[in-house]
1. Is it the case, given these coordinates, that A136 is closer than 23 Å to S88 by Cα, part of a helix (DSSP H, G or I) and in contact (Cβ under 8 Å) with a residue 24 or more places away in the chain?
2. Of the residues in the stretch 356-396, how many are at pLDDT below 85 and closer than 17 Å to S321 by Cα?
3. If you scan the stretch 92-133, which residues turn out to be among the small types (G, A, S) and outside any helix (DSSP H, G or I)?
4. If you go through the stretch 13-59 one residue at a time, how many are of a type in the set (S, T, N, Q) and under 22 Å from I101 (Cα atoms)?
5. When G360 is evaluated against the numbered criteria (1) without any contact (Cβ under 8 Å) to a residue 12 or more places away in the chain; (2) surrounded by 15 or more Cβ atoms within 10 Å (Cβ to Cβ); (3) part of a helix (DSSP H, G or I); (4) not charged (D, E, K, R), which criterion, by number, is the only one it fails?
6. Spot the failing condition for S156; the list is (1) crowded, with 22+ Cβ neighbours inside 10 Å; (2) modelled with pLDDT under 95, and only one is missed.
7. I'd like to verify a number: residues in the stretch 215-226 that are free of Cβ contacts under 8 Å to residues at least 40 places away in the same chain and under 15 Å from P59 (Cα atoms), how many?
8. Checking T373 against (1) more than 21 Å from K305 (Cβ to Cβ); (2) in contact with a Leu (Cβ under 9 Å, 6 or more places away or on another chain); (3) assigned to a helix (DSSP H, G or I): exactly one of these is not met. Which one?
Amino acid sequence: MDLKTWAVFVVAAVLKLSLNFLFPSLHSILGQHVEVTTSMTSFKQLKEGLHLYEIGISPYDGGVYHQAPIFLLLFKFLGKFGSTTPNSSIINVFYIFADIITAYFLCVISKSPSLAKTNQLADWVIASIYLFNPLAVATNIARSTAVLSNAAMIGSIAHACYNRNVLSVMFLALASHTNIYTVYLVPPFLLLWTSTTGASTASVTKYLTLFIAMSAGLASIGYFMTGSLQYLSATYGSLLFFKDLAPNMGLWWYFFMEMFDFFRPLFTYIFQLYSFIYVLPITFRLHNYPLMAITCIVGITTISKSYPEVGDLGVYISLLSLFRFIFPSVRYALLAALVILHSLVLAPNFYHLWIYLGSGNANFFYAITLVYTIGMTIIITDTLRATLLIEFQGTQDPSKTVIQI
């Protein structure tokens with residue numbers, strides 16, 4: 001890690017501290033934007049759940065809190081060192097540290113053996129792409145708990161790249177405990193975990209068993225905290241069965257608002273199946289590029305899961321920055337960037353027109369989320385095509401190209 005990278009870490013920390021100091025209400029403003037946080041990641045709802053837990057009431061009574069019980073333990077522990085209000089010093093430092101450790105893990109991944117032969121971006125550039133990404137900055141200042149889930153996921157990738165598989169399994173189990181869609185990454189992670197020993201039945205079984213055991217251990221925390229398994233319905237049940245119909249940047253909410261209740265179970269299963277159906281084909285097809293398989297699946301779940309937010313896009317872009325060798329083969333980067341920028345600018349405006357001014361309707365906001373999805377789809381398919389083209393060429397040297405007719 002060179003001096004420039006550490007300088008980026010310091011500047012990013014100073015920037016976030018300055019924003020919180022100069023604009024103390026910014027976290028509250030961003031926390032109310034449905035593009036930045038959802039009911040599954042909202043810090044406001046986390047505070048309500050923490051208050052209920054501290055006064056001896058189950059935080060999962062009343063349908064207010066839908067996040068993992070481990071967050072309650074974490075923020076109760078942080079409360080011993082100071083106030084856990086969104087703009088307190090301890091929360092500022094904690095969220096800044098989470099972002100910096102995520103950027104550090106990204107730099108570690110870029111130097112891993114699986115990417116060592118490629119011409120990588122400098123560490124300070126990779127760190128900057130994440131730390132100064134406006135989407136990641138907004139998610140951090142809004143105190144979305146997705147920041148912590150993403151840090152655990154990136155940490156799992158970093159440890160897997162260096163064959164520290166037990167730590168990788170632990171981080172992935174933690175990420176899956178806080179965001180159930182991270183379970184989709186288990187198949188490509190198995191390729192990383194067994195890369196040195198070979199994908200034998202014994203090694204696959206060992207790591208799957210370890211992952212299930214760690215996940216069960218984390219799940220038991222909720223039982224011992226609340227004395228029942230009610231939290232499973234309030235957390236994973238709400239996520240999987242889409243119980244909160246609040247608008248977000250995803251595809252689900254409008255369909256289910258317009259749908260008769262009789263059809264909801266069927267289409268819930270269909271939508272969840274759609275978000276999963278790409279996992280195994282991508283894993284099998286990109287078995288030579290497990291890191292790219294992970295990145296593609298992260299991108300797909302960003303647009304297909306029930307409660308997406310723009311911070312997911314920030315993480316996906318940061319992961320893409322690790323694959324510099326595909327950049328010359330990417331065709332539609334400018335188009336995708338303009339489409340996504342267009343949607344990110346118009347989304348809060350259309351939501352404001354609909355909810356606050358009453359001069360628009362749900363179609364305004366949903367139309368722009370469709371544009372956002374189109375932009376994400378262009379990026380995912382374009383990078384996937386570029387990866388397969390390089391594999392077909394048998395080289396990661398962009399100077400050797402294939403003429404397509």
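1. Answer is yes for this residue.
2. 1
3. S112, S114, A116, A122, listed by residue number.
4. Qualifying residue count, the stretch 13-59: 5.
5. For G360, the exception is condition (3).
6. Unmet condition: (2).
7. So the count comes out to 2.
8. The failed condition is (1).
The values are calculated or read from the model by the stated rules, or taken from the named source; none is laboratory data. The structure displayed is predicted, hence computed values, not measured ones. All Cβ positions, glycine included, derive from the backbone under ideal geometry; neighbour counts span all protein chains shown.
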